[in-house]
Amino acid sequence: MRAPASTLSTMFELLTGLILVAGSVYLLFQSFTPLRPIWSGATPADARVPTQFGQVPPRNYLAYLLWLVPGTFGVLMIGVVLLLRFAGAPEVLTPIFGWTGLGSLIVAVPLVPLHMLVSATNRPRFLVPPPYRDEPGAITSFLRRRRP
């Protein structure tokens, strides 16, 4: 049984949980909006797709989603844990959601270097949208610009 908490900390848990859940759901929905025009080639190759964390070239957007989705899902699960604790849910539920969120965040971490690899080399090709697969990566285009 959980020890009684002060009203202020309980309200902080509720507010934090609501912000994490609402923000995560919003971020996930907004992140998938530009995917269809990018995959179909309607987005110019030199355009930058605005995201919540900066701008991403269209050829890197799928690799960007690879780490963003599990990371956001992990934050969502942590928000659910806070809301479950506020609601007084059975103690068996909070560790399930908490460990799922933590595992999801751990999965997202090694996917960030994969995003960088796709940005630098434009490989592996299955992570690059079809209209941009023939373009060089950042390293190759940099080396081509430096050649006389």
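The values are calculated or read from the model by the stated rules, or taken from the named source; none is laboratory data. Owing to the predicted nature of the structure, the values given are computational and were not obtained by experimental measurement. Please note that ligands, DNA and RNA were not included when accessible areas were found on the heavy atoms of the full protein model with its side chains. Shrake-Rupley method; radii C 1.70, N 1.55, O 1.52, S 1.80 Å.
Using C-alpha pairs below 8 Å separated by at least 6 residues, the relative contact order for segment 9-148 is 29 percent. Here the Karplus curve 6.51 cos²θ - 1.76 cosθ + 1.60, taken at θ = phi - 60°, turns the phi angles of segment 37-47 into couplings of x, 5, 5, 7, x, 6, 8, x, 5, 8, 6 Hz, with x standing for Gly and Pro.
Quick one: helix 7-32 against the long Cα principal axis of the chain, what's the angle to the nearest 10°, folded into 0 to 90? Taking the Cα atoms of the chain, the angle to 7-32 is about 30 degrees.
List the residues, sorted by chain then number, that are 5 or more residues from Val56 or on another chain and whose placed amide H is less than 5 Å from its amide H. The answer is Val49, Thr51. On the chain, 71 percent of the accessible area sits on carbon and sulfur atoms, based on a 1.4 Å probe.
Applying the Karplus relation 6.51 cos²θ - 1.76 cosθ + 1.60 with θ = phi - 60° to segment 75-90 yields 3J(HN,Hα) values of 5, 4, 5, 5, x, 5, 4, 4, 5, 5, 5, 5, 6, x, 5, x Hz, where x marks Gly and Pro. Over the chain, DSSP H runs of length four or greater, each weighted -39,500 (n - 2.57), average out per residue to a 222 nm ellipticity of -22500 deg cm²/dmol.
Annotation: amide H-H contacts under 5 Å for Val128 (H modelled 1.01 Å from N, sequence separation of 5 or more, or interchain): none.
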